[in-house]
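The values are calculated or read from the model by the stated rules, or taken from the named source; none is laboratory data. Not measured: the values here are computed from a predicted model. Neighbour counts are summed over all protein chains in view; Cβ atoms, including those assigned to glycine, are modelled from backbone coordinates with ideal geometry.
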Amino acid sequence: MPDGLRNVSAKDVNRKSTIYVLDSTALIAGQTDFSKKEFATTPSVLSEVMHDESVKNIVEVAVDSGQLEVSSPSETSIKEVEEVATSTGDRVRLSRTDLDVLALALEKSRAGLDVVVISDDYSIQNLARRMAIKTIGMIHPGIRKQVTWITYCPMCRSEYGVSSLSVCTKCGAELKRRPVK
Ligand SMILES: [Zn+2]
């Protein structure tokens, strides 16, 4: 794990201001009340949700009123998140947009803010926890523990551990993933 990812300590939370980082699932769910809190998201998330007229209207008002900040994380932060994702086996489940969201959350956390990622994506929730960033879901209750995904072959039962392989090197079958218990 890169240095600095563990720098959020629980006792500091009370005096920090909280920022909620939204992914696409959070915006599409459309239950976000922008009037009461501070929010942030990335341009890549907006490009995934703005085709929906009702989401677009809500988002535009929130951006105009300064309640929703839209910013891109640095490539360095994205690379750090990718490294953590690779180590947990979540990398193959995360899109570039997902990495952006997590990298933005990481940057806000390092800037001294209390960060909460709002997402219904289990891999995003898992990674956020690995980086000591809080997360809540819109629809499903959040996962309660961190998960590492093991790659295995459903046909010949070969196991590949944490891997980004998609096809079994022994029998050619499509590989599956399961959480380590
Ligand atoms: Zn196989």
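Just the residues that are under 21 Å from Trp149 (Cβ atoms), at pLDDT 95 or above and among the acidic types (Asp, Glu), please, taken from segment 75-97. Once the filter is applied, which keeps residues that are under 21 Å from Trp149 (Cβ atoms), at pLDDT 95 or above and among the acidic types (Asp, Glu), segment 75-97 yields Glu80, Glu82, Glu83. Has segment 48-59 got any residue that is touching a residue at least 40 places away in the same chain (Cβ under 8 Å), assigned to a helix (DSSP H, G or I) and on the phi < 0 side of the Ramachandran plot? Yes, segment 48-59 contains a residue that is touching a residue at least 40 places away in the same chain (Cβ under 8 Å), assigned to a helix (DSSP H, G or I) and on the phi < 0 side of the Ramachandran plot. Phe34 satisfies every condition listed in (1) at pLDDT below 85; (2) under 22 Å from Gly112 (Cα atoms); (3) not in a loop (DSSP other than H, G, I, E, B) except (3). Checking the structure you have, find out if any residue of segment 121-140 is acidic (Asp, Glu), assigned by TED's automatic domain parsing to the domain that holds Ala26 and out of contact with any Cys (no Cβ under 6 Å at 6 or more places or on another chain). Yes, segment 121-140 contains at least one residue that is acidic (Asp, Glu), assigned by TED's automatic domain parsing to the domain that holds Ala26 and out of contact with any Cys (no Cβ under 6 Å at 6 or more places or on another chain). Any chance segment 83-101 includes a residue that's out of contact with any helix residue (DSSP H, G or I) (no Cβ under 8 Å at 6 or more places or on another chain), in a loop (DSSP other than H, G, I, E, B) and touching a residue at least 40 places away in the same chain (Cβ under 8 Å)? Within segment 83-101, one or more residues are out of contact with any helix residue (DSSP H, G or I) (no Cβ under 8 Å at 6 or more places or on another chain), in a loop (DSSP other than H, G, I, E, B) and touching a residue at least 40 places away in the same chain (Cβ under 8 Å). Candidates in segment 65-99 are the residues that are among the aliphatic types (A, V, I, L, M) and closer than 20 Å to Thr25 by Cα; of these, the one that is surrounded by the most Cβ atoms within 10 Å (Cβ to Cβ) is Val81.
Among the conditions (1) assigned to a helix (DSSP H, G or I); (2) within 16 Å of the ligand (Cβ to nearest atom), the only one that Lys170 does not satisfy is (1).
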